[in-house]
Number of protein chains: 2
Amino acid sequence: VSSSEGEIAAIERIRLVLPQPPRGEIWIGDDTAVVAGPAGSLLLAADAVVEGVHFDLDLVDTADVGWKALAVNVSDVAAMGGEPLHALVTVVGAAASMIDGLARGLAEASAAYRCPVVGGDLSAGPCLVVSVAITGACDLGGAVLRSNARPGDSLFVTGPLGRSAAGLRGLRSESEGAHATQPDLVAAYRRPSASAMIDVSDGLGIDLDRLAGASGVGVVLELVPVADGATREDALGGGEDYELVFAASDPQAVVAAFSAAGLRPPIRIGLCVEDPATRRVGDETLEASGWEHRLR
Amino acid sequence: VSSSEGEIAAIERIRLVLPQPPRGEIWIGDDTAVVAGPAGSLLLAADAVVEGVHFDLDLVDTADVGWKALAVNVSDVAAMGGEPLHALVTVVGAAASMIDGLARGLAEASAAYRCPVVGGDLSAGPCLVVSVAITGACDLGGAVLRSNARPGDSLFVTGPLGRSAAGLRGLRSESEGAHATQPDLVAAYRRPSASAMIDVSDGLGIDLDRLAGASGVGVVLELVPVADGATREDALGGGEDYELVFAASDPQAVVAAFSAAGLRPPIRIGLCVEDPATRRVGDETLEASGWEHRLR
């Protein structure tokens, strides 16, 4: 076991020890599990935010942490084409003075995403961890799986990327005395918005690599959708944008469907290709860079 | 905000900020939430185990931690009269060398309780936290709520108490060179068994206080069910026993039902009374002592 083993390899090791899903269910490997219920599929996802890893209390307040803990889970459910139903929250290591802020942020996200917090756990601990689990329903005739991309499909992203990374960089330089950063970039970092696929939580490069690997296709990016105020590196590897990336065989139909629904049309960024080893952005290699946790 | 505010007061503060449940659902306050689904009630619970708070890696191994993280959640669902369905696991701060052990313990508990782990999250972090969320089904025509006790009801517990606390004390004195402890007490600490109501996870005194408070009754204990090798204090305040305490209006019927199901008959330990302020064990005051987390 390498001490620098990453999250993805470790999840694969865990998956092999645990029982495998019955046909028609998705368990470990996607961001969101799909299980059969008596009245259709239930989506299940969990994500933790950790002080010093996902947030820094010098840069955000506890309400932002509560918001983010719920929003990242809503994003996982949305990435499967689902609607959030209920959330459970475990808070570890919060000082008493943090409780009201955490609860306010959770309540705000809960209202924004219509996803009530119905229970959880509160524990002492040496560091602040907020772990949220969420249930969701599939309205759209089946979950959108990252393993469904086919060669020839177009790749889309629901919006320009890199705002969160640019916002974090701006907050850090503000705390060192630099001038104030664009408020919308700061907001993108402090209050990420889940949209309604795989979400670009870890960085476009790594999330596309996962989509391609799960689907057995290669990917060729023709366009990097960089947000105003962000850099190309922010867009490719910054992560935490919570825009959705997805593949679709009929690009015109996708744009028409988004428009008909009154949504901002997604940005076509590239193509799926036959060779499963292909990872390109223009003429360069698309690095699977981004936010993969290194274990300690 | 007092800096020594406890878990119960903090949960109440959180509950007041968050939206309230519709009629027929149970949200924050019970160990397990009950939400309406299209095909009946769904139980939802989450509990975290934290290094240095719920376990000490000098005394247990990582497989024990994985087991315990799942078993405590199964116990929460069982305490509502439910069966576990699926679990989500978030692991924060695990070294790469801990992954196999955690996965093995999770797999063993998952098989023992027929509760597959279907997903979760793995994150870097400064301390080891394993947070599990669980879904469950109610087979028994409705959840067994801690708020259903009525004056005159008998109080039962499904087995003698204090084994886990005695096992932990034994392990600690072994590590200081004392002679070996009874293996069954050590097993009760390292591999707690969820049984099939409120579970005595925090200590009989505090869990009875919660049951009484939620039901608006007082409680009089006539008997403290002390396990072999445990002390009266272990039984009243040690916690982590995962036996179930419940109130029932017809004690003979309860014992007959357990026997008919081939289960060890529960132990009748006392009575619910009208005065909601009463907390007695014999002639003494029943202290709400036990395992309430102090926030930092």
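Only a single item in (1) of a type in the set (Ser, Thr, Tyr); (2) open to solvent by 10 Å² or more (accessible area, probe 1.4 Å); (3) away from chain B (no Cβ under 12 Å) is not met by A:Ser97, and it is number (3).
State whether one or more residues within segment B:16-26 are modelled with pLDDT of 90 or more, over 22 Å from A:Asp47 (Cβ atoms), surrounded by fewer than 23 Cβ atoms within 10 Å (Cβ to Cβ) and within 19 Å of the chain's Cα centre (by Cα). Write out each step before concluding.
The initial filter retains those residues of segment B:16-26 that are modelled with pLDDT of 90 or more, namely none.
No, because not a single residue in segment B:16-26 is modelled with pLDDT of 90 or more, over 22 Å from A:Asp47 (Cβ atoms), surrounded by fewer than 23 Cβ atoms within 10 Å (Cβ to Cβ) and within 19 Å of the chain's Cα centre (by Cα).
Tell me which residues, restricted to segment B:267-289, are more than 24 Å from B:Glu7 (Cβ to Cβ) and surrounded by fewer than 14 Cβ atoms within 10 Å (Cβ to Cβ). Selection gives B:Glu274, B:Asp275, B:Gly282, B:Asp283, B:Glu284. Going through (1) of a type in the set (Val, Ile, Thr); (2) surrounded by fewer than 24 Cβ atoms within 10 Å (Cβ to Cβ); (3) outside any strand (DSSP E or B) one by one, B:Val65 falls short only on (2). Considering segment A:129-145, the residues that are more than 9 Å from chain B (Cβ to nearest Cβ) and either modelled with pLDDT of 90 or more or touching a Ser or Thr at 6+ places or on another chain (Cβ under 7 Å) (or both) include one that is surrounded by the fewest Cβ atoms within 10 Å (Cβ to Cβ), namely A:Cys138.
Output the number of residues of segment B:59-79 satisfying the condition of being in contact with a helix residue (DSSP H, G or I) (Cβ under 9 Å, 6 or more places away or on another chain) and farther than 19 Å from B:Arg104 by Cβ.
To start, the set of residues in segment B:59-79 that are in contact with a helix residue (DSSP H, G or I) (Cβ under 9 Å, 6 or more places away or on another chain) comprises B:59-71, B:74, B:79.
After this cut, where a residue has to be farther than 19 Å from B:Arg104 by Cβ as well, the list is B:79.
Number of matching residues: 1.
Exactly one residue out of B:Gly229, B:Gly213 is part of a loop (DSSP other than H, G, I, E, B), open to solvent by 20 Å² or more (accessible area, probe 1.4 Å) and small (Gly, Ala, Ser): that is B:Gly229.
Answer yes or no: is there a residue in segment B:83-91 that is in a loop (DSSP other than H, G, I, E, B) and within 11 Å of chain A (Cβ to nearest Cβ).
As a first pass, look at segment B:83-91 and keep what is in a loop (DSSP other than H, G, I, E, B): none.
The answer is no; no qualifying residue exists.
Screening segment B:75-87 for residues that are open to solvent by 10 Å² or more (accessible area, probe 1.4 Å) and at pLDDT 90 or above and picking the one that is nearest to B:Tyr242 (Cα to Cα) gives B:Pro84. Would it be correct to say that A:Leu295 is open to solvent by less than 50 Å² (accessible area, probe 1.4 Å) and at pLDDT 85 or above? Considered against the rule, which asks whether it is open to solvent by less than 50 Å² (accessible area, probe 1.4 Å) and at pLDDT 85 or above, A:Leu295 comes out as no.
If I filter segment B:102-111 for residues that are closer than 19 Å to B:Asp61 by Cα, modelled with pLDDT of 85 or more, more than 8 Å from chain A (Cβ to nearest Cβ) and surrounded by fewer than 24 Cβ atoms within 10 Å (Cβ to Cβ), do I get at least one hit? Within segment B:102-111, one or more residues are closer than 19 Å to B:Asp61 by Cα, modelled with pLDDT of 85 or more, more than 8 Å from chain A (Cβ to nearest Cβ) and surrounded by fewer than 24 Cβ atoms within 10 Å (Cβ to Cβ).
Any idea which residue in segment B:32-56 is nearest to the other protein chains (Cβ to nearest Cβ), counting only those that are open to solvent by less than 50 Å² (accessible area, probe 1.4 Å) and assigned to a loop (DSSP other than H, G, I, E, B)?
Of all residues in segment B:32-56, those open to solvent by less than 50 Å² (accessible area, probe 1.4 Å) come to B:32-35, B:37, B:40, B:42-50, B:53-55.
Checking the rest, the ones that are also assigned to a loop (DSSP other than H, G, I, E, B) come to B:32, B:53-54.
Numbers: B:Thr32: 7, B:Val53: 5, B:His54: 7 Å.
This residue is B:Val53.
Checked against (1) assigned to a strand (DSSP E or B); (2) open to solvent by 60 Å² or more (accessible area, probe 1.4 Å); (3) closer than 14 Å to A:Gly205 by Cα, A:Phe246 meets all criteria but (2). Selection within segment B:195-210: residues that are within 18 Å of B:Val226 (Cα to Cα) and open to solvent by 10 Å² or more (accessible area, probe 1.4 Å). The member of this set that is modelled with the lowest pLDDT is B:Ser195. On the given criteria, is B:Ala10 surrounded by 17 or more Cβ atoms within 10 Å (Cβ to Cβ), part of a helix (DSSP H, G or I) and at the interface with chain A (Cβ under 7 Å from one of its Cβ atoms)? Yes; evaluated as a whole, the condition is true for this residue.
The values are calculated or read from the model by the stated rules, or taken from the named source; none is laboratory data. Bear in mind the structure is a predicted one, so any value in this text is a computation, not a measurement. Neighbour counts run over all protein chains shown; Cβ positions are idealised from the backbone, glycine included. These accessible areas exclude ligands, DNA and RNA; they are computed on the full protein's heavy atoms, side chains included. Shrake-Rupley method; radii C 1.70, N 1.55, O 1.52, S 1.80 Å.
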